[in-house]
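Reviewing the structure listed below.
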Ligand SMILES: *Cc1c(COP(=O)(O)O)cnc(C)c1O
């Protein structure tokens, strides 16, 4: 099958999946049947293993996209008399703040520029100055720009001040190391369709067991109550409400592939090579990245839009789709950018093909200067 028939997704997700992962969705599963209960238990155990959190945490899956799991995590873990400090350097940080506003959760925020990582020193000062803050939330990789936040240092500061950390690791989990043995956190949230390379439809939260035990009755929502979801699953291995059975079957297959690839180290290495091939290739065409290399996560890269008057993103995008490559618009408020992802069932040879398609497309459009 040609690229044009099955385009490569160079996006933040959903992503290009393997044939085996898609084929795992070709069966029907009884949601209360033993085979599905075992599959579900295997998925939950594997997620805990990836986070090196088997002894301290539990994995609670939830129907929906990643945002559903973030909303459920915040709503379940922040007590009614608690207050969340949200560390913001992009859209996903801002979304957590919005979740609090809608749910009536007391929250405060500190914003950094989107092109700057969160500064743990400032977080420390903020926590000292506001004793009412009980929980802190931050994105590991802020997918808005692809910037990597120093989550280990942030976790250190939060733990030393006796507060609890909720990590949106949606776009980093499974490819960027984050171990519960080294990094203190109450929750890490991810989803089936990013670095785990499954189909979209399940959010996954790794939650510290004692924090979840204390969270009974916190939730402002029935369907987003992770304590209740957990309790039900512990009782009989079943989901409270209809599970996305095929999505879980695909995730089970995708997790086996993750392990075969060498786990977080293996997957991270491939994405790292993809990212280098992408950045080197695009720079050789004259493009500039939005984020300095030392803060760039190997997940997605934001490129600055060329100032050449012949460059038009909509036309550029459509021409790349016609060649079999789906890229992504930008999302920064400060800079005009577009994004190209490095994650999914994609290897460096695919990335070099994509860069070659960009080169031809620029020629077709008459774009000579890719400087911003
Ligand atoms: C993808 C993503 C989410 C969740 O987005 P959905 O569209 O709900 O899946 C949240 N945070 C980050 C950092 C993400 O990359």
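Values as computed for the structure displayed
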| read-out | value |
| --- | --- |
| Radius ratio Rg over Rh of the range 50-154, counting only Cα atoms, Kirkwood formula for Rh | 0.95 |
| The chain: most fluctuating residue of 101, 323, 163 per GNM, C-alpha cutoff 10 Å | 101 |
| Isotropic mean projected area of the C-alpha convex hull, the range 316-372 (nm²) | 4.5 |
| Difference of contour (0.36 nm per residue) and Cα-Cα distance, residue 26 to residue 152 | 41.3 nm |
| Size descriptor, Kirkwood hydrodynamic radius, that averages inverse alpha-carbon separations across the range 1-120, Å | 18.1 |
| Nearest-ten-degree value, helix 245-260 long axis tilted from longest Cα axis of the chain | 70 |
| Evaluated over the range 278-372, the Cα radius of gyration and Dmax, each in Å | 12.4, 34 |
| At 0.890 mPa s and 25 °C, Stokes diffusion of the range 138-199 via Kirkwood alpha-carbon radius, µm² per second | 205 |
| Estimated FRET transfer efficiency (residue 130, residue 326; beta-carbon r; R0 30 Å; 0.05) | 0.10 |
| Gain in span if fully extended, residue 364 to residue 3, counting 0.36 nm per residue against the direct Cα distance | 128.0 nm |
| Candidates 77, 335, 278, ranked by Gaussian network fluctuation over the chain, Cα under 10 Å, top entry | 335 |
| Choice from 212, 226, 320 showing the highest fluctuation, given a GNM over the chain with Cα pairs closer than 10 Å | 320 |
| Point-to-point label distance, residue 122-residue 159, nm (Cα→Cβ direction, 7 Å offset) | 2.4 |
| P(r) weight above 14 Å for the range 1-68, C-alpha pairs, percent | 75 |
| P(r) tail fraction, the range 119-277 - alpha-carbon pairs more than 23 Å apart, % | 47 |
| The range 19-260, relative contact order in percent, only Cα pairs under 8 angstrom and at least six apart counted | 30 |
| Principal-axis tilt of helix 34-50 within the chain, Cα atoms, nearest 10 degrees | 70 |
| Rounded tilt (10° steps) of 91-103 against the dominant C-alpha axis of the chain | 40 |
| Column: log10 I(q)/I(0), Debye, Cα scatterers of the range 217-338, q = 0.22, 0.23 Å⁻¹ | -1.22, -1.28 |
| Cα-derived Rg to Rh of the chain, Kirkwood definition | 0.98 |
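No value in this document is a laboratory result; all are computed from the given coordinates. What you see is a predicted model; the values in this text were computed from it and never measured. Glycine also receives a Cβ, built like all others from the backbone with ideal geometry; neighbour counts cover every protein chain displayed.
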